Amino acid sequence: MFKIEIKLPDNLLEKEIDEFESQRVQVGVLDKAKMASIPRSRKKGLSRIKGTSYPRRKIHKKSKTLTVTKLAEYMDEYYGFISDAPLVPSNTDLIKVTNELIKIFNGDLDPRRVENAAIAIIRNPIIRMDYGRNAASTEKEKGFNRPLVDSATLFNNITAKYYIKGG
């Protein structure tokens, strides 16, 4: 048997690894100035979250003091829906983000696909109701049982941004 052993330099893929690791995706409520919506009473009727069949209360008006970012901070403290999203065991969307980053690294430039996959990391557990149920009093007030969704202001403002660090 003929055998050749090839010793590759330790830093052979160092540049490629650095390039891959320089890819970043920010996800969450990125618009710091947008004001939260105040929902109408459930007696005024419900509507649907855009692109889904899930209910939300209609919007009454915009808050003068509460931003969507602050609302997200409050809800994240209680539910951990942003900070703990990658840690949810049933959340396979993290693998999708990684696969899309690999595609970009291999030359298939479509950052919007990475952003959509990153948004799904946070939105899909909300849609699947991984955070449990609303209290009976909250469900009665809202007219439906879907935690983290009232007027869908928070849900609809979850966005992502792909960028290259230092680029």
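Go ahead and estimate [θ] at 222 nm for the chain from helices alone: -39,500 (n - 2.57) per DSSP H run with n ≥ 4, summed, over the residue count, rounded to 500. Walk me through the intermediate numbers first.
Working: 6 runs with 61 residues, N = 167.
The helix contribution divided over the chain gives -11000 deg cm²/dmol.
Could you check how many percent of all C-alpha pairs in segment 84-167 are farther apart than 17 Å?
57 percent
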- prompt: Using a Förster distance of 22 Å, how high is the FRET efficiency between Arg112 and Arg48, based on the Cβ-Cβ distance and rounded to 0.05?
  reply: 0.35
q = 0.16, 0.17, 0.22, 0.26 Å⁻¹: log10 I(q)/I(0) that the Debye formula gives for segment 1-67, counting C-alpha atoms only: -0.80, -0.85, -1.05, -1.14
Amide H within-cut-off set for Ser63, under 5 Å, with H built and near neighbours excluded: Ala36, Ser37, Ile38
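Could you work out how much longer the chain between Ile95 and Ser22 gets when fully extended? Use 0.36 nm per residue separation minus the Cα distance between them, nm to one decimal. Present the calculation step by step, with values, prior to reporting the outcome.
Numbers: separation 73, 0.36 × 73 = 26.28 nm, distance 1.78 nm.
Extra length from Ile95 to Ser22 when fully extended: 24.5 nm.
Once the mean 1/r over all distinct Cα pairs of the chain is inverted, what Kirkwood radius in angstroms do you read off? Mind dumping the intermediate values first?
Values: mean 1/r = 0.0545 Å⁻¹.
So the Kirkwood estimate lands at 18.4 Å.
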task: Quick one: compute a quarter of the convex hull surface over the Cα atoms of segment 123-167 and quote it in nm².
output: 4.2 nm²
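Greater than 19 Å separation of Cα atoms is the criterion. Which listed pairs, Lys58/Lys142; Lys32/Lys96; Lys32/Lys165; Lys103/Lys161; Lys32/Lys103, meet it?
Values: Lys58/Lys142 10 Å; Lys32/Lys96 27 Å; Lys32/Lys165 21 Å; Lys103/Lys161 17 Å; Lys32/Lys103 31 Å.
In this structure, Lys32/Lys96; Lys32/Lys165; Lys32/Lys103 lie more than 19 Å apart at Cα.
A short reminder: the numbers here are calculations on the coordinates, not readings from a lab. What you see is a predicted model, and the numbers here were worked out from it, not measured in a lab. For neighbour counting, all protein chains shown are included, and Cβ atoms are generated from backbone atoms with ideal geometry for every residue, glycine included.
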